[in-house]
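The values are calculated or read from the model by the stated rules, or taken from the named source; none is laboratory data. Keep in mind that what you see is a predicted model, and the values were worked out from it rather than measured. Positions of Cβ are backbone-derived with ideal geometry, glycine not excepted, and every protein chain shown enters the neighbour counts.
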Amino acid sequence: GQSTAQIALAQLGYYSIRLEVRDGGGRISYKLWNLRVVNQAPVADAGEDQTVQLGSDITLNASRSRDANDTLSFRDLDEVVWTQVSGPVQTTITELAHGLASVSGANAAGTYVFKVSVKDRNQALSSDTLQITILDEDTPYLSVNLGPNRHARVGQVVDLVAGLQGVSSQANFAWTVSNPALVNVISTDANRASMTFLGVGNFKVVLSATEGGRTTNASVWVSVSDLTVNDVPVLVVSAPQSVQAGTSFTISTTESRDMIGLPLEARFEQVSGPALFAVSSQRDSVTYTTTQGGVATSLVRVSDGSLDSIAQVIKVLVHPSPRSLAISRAAGPRELVLGQTLNFDLAASSDADGHNLSFFVEELLTKGASLSLSGTTLNFTPAIAGLHRFPVTAYDDFDVGSSEVVEVMVRSSSAANTVQARPAKANIDLNFESTTELSDFGSASPSMDLLWVQSSGSPASIASPSLSTTEVTLPQQAGTYEFALYALVDSEWQQLATTSIVAEGAEPILVNGNSSDSGGCALALDGPGYALIGFVCAIFALFVSVLVRRKKSHVQA
C-alpha cells in the first residue's frame, strides 16, 4: 500500500521484483525489475574469547575472517582494523601484519573487549568482537584451544582435539556445531570429537569447558567442499618451540595440502623479534638463523596460485647462546731504556667462535707514554722512566672481550737493567755496629712512590721507609733480616726487589764487672766521604776492642 519500499536482499542470486498499481475501476498496471545480487558483506571473525594471566602476551588475530562470496582470500580483504571497545584501562594496539595485532598496556586485571572491522573491495563492512579476561597472578584460569581452521571434503571424517590448560578431567565438556542437519557426529569424548559433513559449506564447531563455576569456549571453522570446486588450501606448519642463538632452524609447510591437488607455495613473513637471516629457502620451507635472543614471531601461509590459506602465527623462542671471550695476547719485551720504542704484536690474540677481533688500549699508571694501534701492532713510546702498566682488550664482533695487563719497566739508562736493592753492608758484626743503609742505588724511577718493608727477622728500625735510600738499625740479636722494596703501581703496592742482612756477634762484654752491649758506628758506604768515616770508625772500634779484652783478662786474673 506504500509507494516507497525498502528491500534487504541477504542472499546471492537473481531476484524479480514486481510493482502493481490498481485503480478504482479495477484496472491493473505493473512494472517488473530483475535484480542479481553479486556481493555480500564479508564475515568478520575476531577469534574465540580468551582468558590469560596478568602480564601475558596478547595477540589479536582476525585471519579467520573471510569473504562471504568465496571470491577473495583473507589477504585480499581491503581493510582489517582492530579497536578497543572497553576495558579497565586503555591499551595500545599495534598492527603487526594484515589482521594481526599485538596489545600492550593491559596492566590491570579485568575484562577487555576488542572489535575487528572487515571491509571487502566493494566496501561492504562487517565486524566481530573478542572478549579477553585478564586474571591476577593468584587466580587460576581455564584455557582451551582447537587450533587453526580445518578443511575437509564431503563425507571425510574430521577429528578435532582440543589443547587444555588449567582444566582437569572433572570438567564438563559440551560440543556444538552450526547447521547440525548437515553434520554426522560420530563420537565426542571430553576434549575429542569425530564427525563427518554431509554438504558443502562453512561449519563452526564450538567446545565449551566448565569447571568450578568458570566456563571457557574454543571454536574452529571447518570448510567443507567437493573436489570439483577450488577451496582455500589447508595449512599445516611445523617449527621448533625453542632454539639456541647461533643455530639454524626450519619452518616447514610440507604437510599442507590443496583440496584439488594444486601445487602449493609457502610464504613466510617475520613480524617481530630478533632479526632472522634466511640460510636456505624452498618452495615449502625456509631455514633461518639468528644471533640474538628473543621471541621470533612469523606469519605463515600457503597459496595454490589463486587462493591463500588462513595465516598462522608461529613463535620460536631463541635462547641467547653464551659466547666465548676473545683472548688478548700482546707479544713483545717487557723492558726497555728511555728513548726507545716497543712494538707489541697482537696477532696472537684469538676468539674461539672465529669472530673478527678489534683492540682497545689505555694507559692507567702514568700518562707519560705514547700508545698507538696499527692493525695488530701496538706501538709504545715512553716519555718518563718507571713502571708503565696498561690493559690491552680484544673484542669480538659482539663486543665480548677480555683484557691482558701489560707491564713495561722503563729504565733511565741501559746500565740499570733491573731494580736492585741492597744494604751498604750485607753482613754486620753486632759487637761493633748495628746500623747500615738500604738503597736501590738509583735503579727505580724517581716518579715512583717507594716503600721499604721488613719481611723477616726481629723488628728493625727503618728511619725513612719512603725514601729510595734510608738508614736501618738492627736490634742486638743475631740472625738474618730480610727487607723488600715496593712501588705504588695503579693504586696497588707491587714488590720490586728484596735484600737481606746477616747479623752476627752481639755477645755481652764485661766492663768493670758490669755487662755492657757493644757499641757501634753508623756506617754509610754510599760515597767517598762515607767510606773515610767508616775507615776511621773501624780503627777506633779495633782500638776499643783491644783495651776491653786486656781489661777483661786483668779482671779474670
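The selection criterion, being over 30 Å from residue 261 (Cβ atoms) and in a loop (DSSP other than H, G, I, E, B), does not hold for residue 232.
Please note which strands (runs of 3 or more DSSP E) are completely contained in the stretch 1-114 and include at least 1 residues that are in the same structural domain as residue 127 (by TED's automatic domain parsing), acidic (Asp, Glu) and modelled with pLDDT under 90.
Of the strands (runs of 3 or more DSSP E) lying wholly inside the stretch 1-114, those with at least 1 residues that are in the same structural domain as residue 127 (by TED's automatic domain parsing), acidic (Asp, Glu) and modelled with pLDDT under 90 span 79-86, 92-97.
Whether a residue is in the same structural domain as residue 501 (by TED's automatic domain parsing), more than 18 Å from residue 486 (Cα to Cα) and either surrounded by fewer than 20 Cβ atoms within 10 Å (Cβ to Cβ) or modelled with pLDDT of 85 or more (or both) was assessed, and residue 426 passes this test. Residue-level check: of (1) of a type in the set (Asp, Glu); (2) modelled with pLDDT of 80 or more; (3) more than 25 Å from residue 101 (Cβ to Cβ), residue 258 misses just (2). Here are the criteria: (1) buried (at least 20 other Cβ atoms within 10 Å of the Cβ); (2) touching a residue at least 60 places away in the same chain (Cβ under 8 Å); (3) assigned by TED's automatic domain parsing to the domain that holds residue 162. Tell me which single one residue 211 does not satisfy. The one condition residue 211 does not meet is (1). The set of residues in the stretch 457-488 that are more than 25 Å from residue 387 (Cβ to Cβ) and outside any loop (DSSP other than H, G, I, E, B) comprises 461, 471, 473, 479, 480, 481.
Evaluate the following for residue 276: is it within 30 Å of residue 350 (Cβ to Cβ), under 24 Å from the mean Cα position of the chain (by Cα) and not polar (S, T, N, Q)?
For residue 276, the condition - within 30 Å of residue 350 (Cβ to Cβ), under 24 Å from the mean Cα position of the chain (by Cα) and not polar (S, T, N, Q) - is met.
The residue that is nearest to the chain's Cα centre (by Cα), counting only those in the stretch 238-266 that are of a type in the set (D, E, K, R) and assigned to a strand (DSSP E or B), is 265. Within the stretch 338-365, the set of residues being at pLDDT below 80, within 19 Å of residue 410 (Cβ to Cβ) and either part of a strand (DSSP E or B) or over 36 Å from the mean Cα position of the chain (by Cα) (or both) comprises 338, 339, 361.
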